[in-house]
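A short write-up of the structure that comes next.
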Amino acid sequence: MSAVLKSPSDADASVPEGTSTAAETDGFHLVIDALKLNGIDTIYGVPGIPITDLTRMAQTEGLRVISFRHEQHAGNAAAAAGFLTAKPGICLTVSAPGFLNGLTALANATTNCFPMILISGSSEREIVDLQQGDYEEMDQLAIAKPLCKAAFRVLHAQDIGVGVARAIRAALSGRPGGVYLDLPAKLFSQTMDAAAGAASLIKVVDAAPRQLPAPDAVARALDMLKGAKRPLIVLGKGAAYAQVDDQVRAFVETSGIPYLPMSMAKGLLPDTHAQSAAAARSYVLQEADVVVLVGARLNWLLSHGKGKTWGAERGPKQFIQIDIAPTEMDSNVAIGAPLVGDIGSCVSALVAGMGKGWAKPPAEWTGAIAERRDKNLTKMAATLALNPSPMNFHSALGAIREIVKANPEAIVVNEGANTLDFARSIVDMYLPRKRLDVGTWGIMGIGMGFSVAAAVVTGKPVIAIEGDSAFGFSGMEIETICRYKLPVCVVVFNNNGIYRGTDVNGSGGEDVAPTVFVKDARYELMMQAFGGEGCTATTPAELTAAMNAAIASGKPTLINAVIDQTAGTESGRITSLNPSAAKKKA
Ligand code: ADP
Ligand code: TZD
Ligand code: MG
């Protein structure tokens with residue numbers, strides 16, 4: 001517990017603990033102490049009124065404060081930290097505009113089921129509520145509410161402990177997500193007796209309690225699985241988040257069932273695992289008869305569990321779904337065997353129920369998958385071995401694939417359209433929670449925020465594979481990366497634009513087409529501007545050399561990887577989601 005003198009501006013004056021009988025604490029210190037008490041060690045944010053002193057004092061009190069150039073990226077960093085650590089990541093912003101800048105990240109975290117807390121300072125309640133025009137006036141609590149799991153406001157210093165505890169519990173319990181905590185400016189300078197303040201804080205006990213599945217639900221799921229001729233497991237990012245890697249592996253291996261990893265579940269088991277059906281994805285989705293979803297929603301990323309992708313013409317499939325959120329069941333198709341609980345408890349119960357004599361899936365099924373997988377992998381190897389000039393997505397990613405293989409502990413951050421889709425299928429992952437990407441929304445702009453968090457949280461090398469458009473959304477944060485000397489290697493896939501660089505202006509006017517950028521832009525100079533390493537790579541060999549140097553030195557590096565501007569396709573693999581114009585071009 002830190003004790004301070006009466007005035008918050010005197011807060012830096014050191015008063016040894018317990019030396020003053022009239023010791024008081026204030027809102028600033030209670031917030032910091034409440035976070036520390038709950039094991040929070042890092043704050044991601046942007047300083048300003050009314051939280052500038054909070055960032056300073058937090059740093060003084062031993063928290064790591066990572067100061068960004070824009071709140072959205074601080075928020076994304078907090079969200080990624082939440083995913084990686086299963087502790088809520090904290091983003092701290094100023095009022096109205098800063099809050100709004102952080103809000104996209106809060107909503108995105110909630111959508112992805114990542115635990116984070118957006119803490120924003122706010123203006124005077126009395127003035128805000130009467131709309132009298134305060135500095136950065138906004139009813140932030142009301143605006144945040146529909147975009148996150150829970151939103152709280154603390155008006156009295158003695159309630160800070162409760163406010164922080166409720167925020168942590170809301171972020172972590174059940175389905176994880178984003179929480180908003182509103183701290184009005186006046187709160188920070190409120191004082192109270194230091195001992196009473198310390199006593200008011202709450203250390204959250206068992207914030208994400210295990211939730212055991214009901215025995216009859218386990219039996220139902222096992223029955224369904226026993227009857228399967230062509231079973232399939234789909235591992236989602238919920239399974240990666242849960243940090244029960246051994247249990248998940250035991251379930252996959254004991255059952256012998258082929259599995260598909262969703263993007264951020266790659267590496268939960270190594271992508272080279274014999275049971276991975278990733279290279280035969282279309283085949284297994286169409287042909288499977290019983291599907292076990294483990295921490296994966298049947299949203300657009302899985303074509304809602306129906307239609308052609310799922311071989312609708314072959315008849316309906318049976319689903320077993322493991323999820324902590326009971327209301328997720330039946331959201332798109334009927335879930336015949338819902339297994340509501342935490343993933344660790346659910347997969348362990350299934351393994352226990354399988355016992356020793358569990359029959360592996362028919363060899364006909366696993367053999368057919370292996371055949372397709374091997375064929376597709378051979379085809380891919382041939383494509384990766386080509387060395388076209390100019391370099392294309394495949395040849396550049398072929399190089400990165402080898403770098404990641406040699407550095408499996410590195411974290412891969414990935415965004416873009418073609419850059420995302422090709423990297424996801426080409427770059428194998430070997431360890432859990434090493435791949436962070438655009439997630440459920442397919443959002444651009446997570447790149448540098450996620451990279452900062454990955455480096456800060458793990459201390460391991462980070463490889464950010466970025467479309468040139470995607471990079472632009474958070475590019476200024478390379479200053480942050482340089483400032484904190486983070487081991488981040490950014491590879492910009494420079495194809496002169498969104499999807500490709502070849503579109504033309506249909507009007508014949510002077511402006512370039514909406515998807516086209518400045519040709520041959522020198523992104524590497526941006527990194528040099530802040531003291532990092534910047535270079536260009538026009539061949540896989542140059543890319544390999546530059547990445548190896550970056551990983552060996554740990555220095556912030558940006559490699560401008562020049563990619564054939566004709567190589568990409570519209571929207572990458574999701575072209576079909578583009579509404580097509582009813583009126584055809586003349
Ligand atoms: P993906 O995009 O990889 O398919 P989703 O984000 O759609 O994954 O799904 C993640 C699911 O995991 C969510 O429905 C969430 O409720 C669930 N989940 C998250 N953590 C746990 C956990 N510890 N136990 C059970 N389910 C979890
Ligand atoms: N804005 C936000 C926040 N998210 C988005 N997904 C988009 C816009 C639309 N969008 C995509 O879906 S991908 C993309 C945009 C702008 C960029 C694709 O270009 P890129 O990748 O350079 O990053 P490729 O390799 O050229 O395809
Ligand atoms: Mg591009």
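The values are calculated or read from the model by the stated rules, or taken from the named source; none is laboratory data. Remember, predicted model here, so these are calculated numbers, not experimental data. Neighbour counts are summed over all protein chains in view; Cβ atoms, including those assigned to glycine, are modelled from backbone coordinates with ideal geometry. Side chains are part of the model used for accessible areas, which takes the heavy atoms of the whole protein and leaves out ligands, DNA and RNA. Shrake-Rupley method; radii C 1.70, N 1.55, O 1.52, S 1.80 Å.
For the reader, a short list of remarks on this structure follows.
- In this simple spin-label approximation, A552 and E371 carry label points 7 Å from Cα along the Cα→Cβ vector, and these lie 4.7 nm apart.
- Amide H contacts under 5 Å for M116, placed H, 5+ residues apart: G89, G177, G178, V179
- Relative contact order of the chain, taken over Cα pairs closer than 8 Å and 6 or more residues apart, is 12 percent.
- Taking the 1.4 Å solvent-accessible surface of region 45-105 as the whole, the part contributed by carbon and sulfur is 51%.
- Each residue of region 175-324 gets 165 Å³ once the volume of the Cα convex hull is shared out per residue.
- Using equal-weight Cα scatterers in the Debye expression, the normalised intensity of region 492-585 in log10 at q = 0.16 Å⁻¹ is -0.78.
- Close amide-amide hydrogen proximity is noted between R435 and V412, each under 5 Å apart and 5 or more residues distant or on a separate chain (H modeled in the peptide plane; Pro and chain starts excluded).
- For region 171-238, the list of trypsin sites (Lys or Arg not before Pro) that fall in a loop by DSSP and count at most 14 other C-beta atoms within 10 angstrom reads K203, R210, K229.
- Extended-chain gain in nm, criterion 0.36 nm per residue less alpha-carbon gap, R573 and D139: 152.2 nm
- Efficiency of FRET from Cβ geometry, Q132 and R175, R₀ 45 Å, rounded to 0.05: 0.70
- Alpha-carbon gyration tensor eigenvalues x 5, square-rooted, for the chain, Å: 42, 32, 22
- The length gained by stretching the chain between L212 and Q286 to full extension, at 0.36 nm per residue less their Cα-Cα distance, is 23.5 nm.
- For region 30-79, the spread of Cα positions along each principal axis, largest first, Å: 27, 23, 14
- Sparse-neighbour loop sites [trypsin sites (Lys or Arg not before Pro); region 282-380; at most 13 other C-beta within 10 Å; DSSP]: K356
- Helix-derived mean residue ellipticity, 222 nm - over the chain, DSSP H n ≥ 4, -39500 (n - 2.57), to 500: -11500 deg cm²/dmol
- Each of L486, L293, P408 was placed along the dipole of the chain (beta-carbon charges, centred on the mean Cα), and the one lying farthest toward the positive end is L293.
- Under Karplus coefficients 6.51, -1.76 and 1.60, residue-wise ³J(HN,Hα) of region 532-543 in Hz, glycine/proline x: x, 8, x, 8, 10, 10, 10, 9, x, 5, 5, 5
- Shape call, region 286-363: gyration tensor on alpha carbons, a/c limit 1.5: oblate
- The three principal axes of the Cα atoms in region 471-531 give end-to-end lengths of 46, 18, 17 Å, sorted in falling order.
- Per residue, the accessible area of the chain comes to 41 Å², computed with a 1.4 Å probe over protein heavy atoms only.
- Cα shape, region 346-479, gyration tensor, a/c 1.5 rule: oblate
- A simple rule links phi to the HN-Hα coupling: the Karplus curve 6.51 cos²θ - 1.76 cosθ + 1.60 with θ = phi - 60°, which for region 310-320 gives 9, x, 3, 5, 8, x, x, 9, 9, 10, 10 Hz, with x for Gly and Pro.
- Full-extension gain in nm, Q158 to T60, via 0.36 nm per residue minus C-alpha separation: 33.0 nm
- Amide H contacts of L558: V490, E533, G534, C535, each under 5 Å away and 5 or more positions distant or on a separate chain (H built 1.01 Å from N in the peptide plane; Pro and chain starts excluded).
- Sequence-ordered 3J(HN,Hα) estimates for region 400-415 from the Karplus curve with 6.51, -1.76 and 1.60 and θ = phi - 60° stand at 5, 4, 5, 5, 5, 4, 7, 10, x, 7, 5, 9, 9, 10, 8, 8 Hz, glycine and proline given as x.
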